[in-house]
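**Q** Before I ask anything, let me first share the structure, which is written out below as structure tokens.
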């Protein structure tokens, strides 16, 4: 069966870096690396640097198209940002991928202003989720203010000079009242979230506004293990904060934490993965498949 994707091994993909210089150092990598996510300099060089080169070529082509349109209309048009969507399961490493690309892309002279927005900010406040009986469905499509998220992305593609998004705290597990993330005339905007590649037969979806999309993939057994490992880390760190929503988990024994994490994964995150996330993988422009040690193993690029 013919595939819409061209498949590359890590070694084949790495060669597509060409002469692109590596602009990140070890200190940069340490700042970008996520909780329990192994990010090596080799993976940045062999996986993300070629991807940044590809995206740079796409963005430059998009910018040239604006110039062509200006010539045709005889007047300047309002530039709009190039939007990249990044999707995948909880604990798969989406945020790390987004931060690496933000850093690499912002170092290209053609598009120095790169903003990163996570869809967590568009989750409904806990008070509203409780009112609707959706606290156990947090992260599922119905737990988001999808109209607000769609409006935000549509405004970006309309050339609005300045727009803001709500801010979410993973410590308090809620929207931060009165706090906003301002985006002002960026060259590129990266939108990272669980369900950003969701589509359908009717209506308009956030993914309809993406110029390029990435699905971060891994075997489900590996993702579950990463989730459990991250939960253990949080019991020793973030959960111990007095203002943490999950303060009750801070005193769990290792075995109790293990059982709790696996219960949450099976009851919520794995269900969400199979019901709403995994089937969007085939809609991505590019699929990054990771091995059990978080290193990229295979890249699939959608054919033009």
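**Q** Taking 0.36 nm per intervening residue step and subtracting the Cα-Cα distance, what contour gain separates residue 237 from residue 9 on full extension? Could the numbers behind the result be given before it?
**A** Numbers: separation 228, 0.36 × 228 = 82.08 nm, distance 3.67 nm.
Gain on stretching residue 237 to residue 9: 78.4 nm.
**Q** Also: Distance between the C-alpha centers of region 180-259 and region 71-136? Whole Å please.
**A** Cα centres, region 180-259 to region 71-136: 13 Å.
**Q** Run through the DSSP bridge list for the chain and note the antiparallel percent, rounded to the nearest 5.
**A** 45
**Q** Taking Cα atoms, how many degrees apart are the long axis of helix 146-156 and the longest axis of the chain, rounded to 10 and kept between 0 and 90?
**A** Tilt of helix 146-156: around 30 degrees.
**Q** Roughly what angle does helix 220-236 make with the longest principal axis of the chain, taking Cα atoms, 0 to 90 degrees, to the nearest 10?
**A** The helix 220-236 is inclined about 60 degrees to the chain.
**Q** Consider all pairwise Cα distances in region 28-95 and report the whole-number % of them above 18 Å.
**A** For region 28-95, the share of Cα pairs beyond 18 Å comes to 58 percent.
**Q** Report the far tail of the P(r) of region 218-268, meaning the percent of Cα-Cα pairs longer than 18 Å.
**A** Roughly 29 percent, once rounded to a whole number.
**Q** For a paramagnetic label modelled at 7 Å from the Cα of residue 45 toward its Cβ, which residues of region 266-304 fall within the zone defined by backbone nitrogen distances under 16 Å?
**A** 296
**Q** Diagonalise the Cα gyration tensor of region 94-210 and give the resulting equivalent ellipsoid semi-axes, square root of 5 times each eigenvalue, largest first, whole Å.
**A** Semi-axes, largest first: 25, 17, 14 Å.
**Q** In addition: Taking Cα pairs under 8 Å and at least six residues apart, what relative contact order does region 1-51 come out at, in percent? Spell out each step's value before the answer.
**A** Working: 27 pairs, mean separation 28.4, N = 51.
Contact order relative to length: 56 percent.
**Q** Let me ask something else about it. Build a GNM of the chain with springs between Cα atoms under 10 Å: which of 255, 115, 208 gets the top mean-square fluctuation?
**A** Maximum fluctuation in the GNM of the chain, among the listed residues, is at 255.
**Q** Subtract the Cα-Cα distance of residue 162 and residue 263 from 0.36 nm times their separation in residues, and report this length gain in nm to one decimal.
**A** Length gained between residue 162 and residue 263: 32.1 nm.
**Q** Nearest 0.05, what FRET efficiency do residue 297 and residue 250 give at R0 = 35 Å with Cβ-Cβ as r?
**A** Once rounded, the FRET efficiency stands at 0.50.
**Q** Report relative contact order for the chain in percent, whole number only (criteria: Cα-Cα under 8 Å, sequence separation at least 6).
**A** The normalised contact order for the chain reaches 26 percent.
**Q** With everything on Cα atoms, drop me the angle between helix 49-73 and the longest principal axis of the chain, reported from 0 to 90° to the nearest 10.
**A** Orientation of helix 49-73: about 50 degrees from the principal axis.
**Q** Okay, next question. Treat the count of other C-beta atoms within 10 Å as a stand-in for reagent exposure and order 205, 245 from fewest to most.
**A** 245, 205
Since every read-out is calculated from the coordinates, none of them should be taken as a lab result. Small disclaimer: the values here were computed from a predicted structure and weren't measured. So basically every Cβ, Gly included, is an ideal-geometry build from the backbone, and we count neighbours across all protein chains shown.
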